[in-house]
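Beneath this line is the structure, given in structure tokens, with notes to follow.
The values are calculated or read from the model by the stated rules, or taken from the named source; none is laboratory data. Because the structure is predicted, anything quoted here is derived from the model rather than measured. Cβ sites come from the backbone with ideal geometry, for glycine too, and all protein chains shown count toward neighbours. SASA here: full protein model, heavy atoms, side chains in, ligands and nucleic acids out. Shrake-Rupley method; radii C 1.70, N 1.55, O 1.52, S 1.80 Å.
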Amino acid sequence: MSDSLNLIRLGPAADVALEKVKLRLSDNLPDLHVGVSQPLETPAMAFDSLRNQYHSTRILAILEQTTSFETGRVLGVASFDLFVPGMNYVFGEARCPGRVAVISTYRLRGRGSEARHLESRVVKEAVHETGHMLGLKHCLRPSCVMYFSERVEDTDRKLDNFCSECEGKIRLIEVEQIPG
Ligand code: ZN
Ligand code: ZN
């Protein structure tokens, strides 16, 4: 049975073309059928007016409520700033393992000529959160896509795919999910 991953834009038009991200994710995640679904409106319930940011864990709950299991795994792509309590911001968050994740382009944009890196950064963070959905934890290798990015420089340093050890763990997780 093939697993699917659907990209869903949240709120205003993302500053990155989801169709392009989809094509690159299809290359990086060959075992997943990657698609783009209809956008959802800005998740107002997740807005924190004191911080002027969106609580990413609340967005995960909204994604679970508004999308069905038939949609497969869901990756929300937002252009507004995300946080979790205890951190100034996050690039994304995922249920681990689970069906939903969210990423934001807000902190990935950089300035001036750096803007051209946006698509690559989005792909890396999308693969990272998908890895969490598949059950992977953070990896200590700075070049592995599962390395935790605290700053955009961390994202630029890592590759857009799993190291061989993380790749091996995904295989094990998949085998465990086959019944019988
Ligand atoms: Zn992570
Ligand atoms: Zn790794």
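Of the residues making up segment 62-80, not a single one is among the charged types (D, E, K, R), closer than 20 Å to residue 14 by Cα, open to solvent by 20 Å² or more (accessible area, probe 1.4 Å) and free of Cβ contacts under 8 Å to residues at least 60 places away in the same chain.
Where strands (runs of 3 or more DSSP E) fall wholly inside segment 71-180, the ranges with 1 or more residues that are away from ligand 2 (no atom under 16 Å from the Cβ) and either modelled with pLDDT under 95 or among the hydroxyl-bearing types (Ser, Thr, Tyr) (or both) are 100-104. For segment 120-135, the set of residues classified as under 15 Å from residue 7 (Cα atoms), within 9 Å of ligand 1 (Cβ to nearest atom) and not acidic (Asp, Glu) consists of 128, 131, listed by residue number.
Scanning segment 94-106 for residues being within 20 Å of residue 12 (Cβ to Cβ) and touching a strand residue (DSSP E or B) at 6+ places or on another chain (Cβ under 6 Å) gives a total of 4. Within segment 19-60, if we keep just the residues that are more than 30 Å from residue 86 (Cβ to Cβ) and assigned to a strand (DSSP E or B), the residue that is most open to solvent (accessible area, probe 1.4 Å) turns out to be 33.
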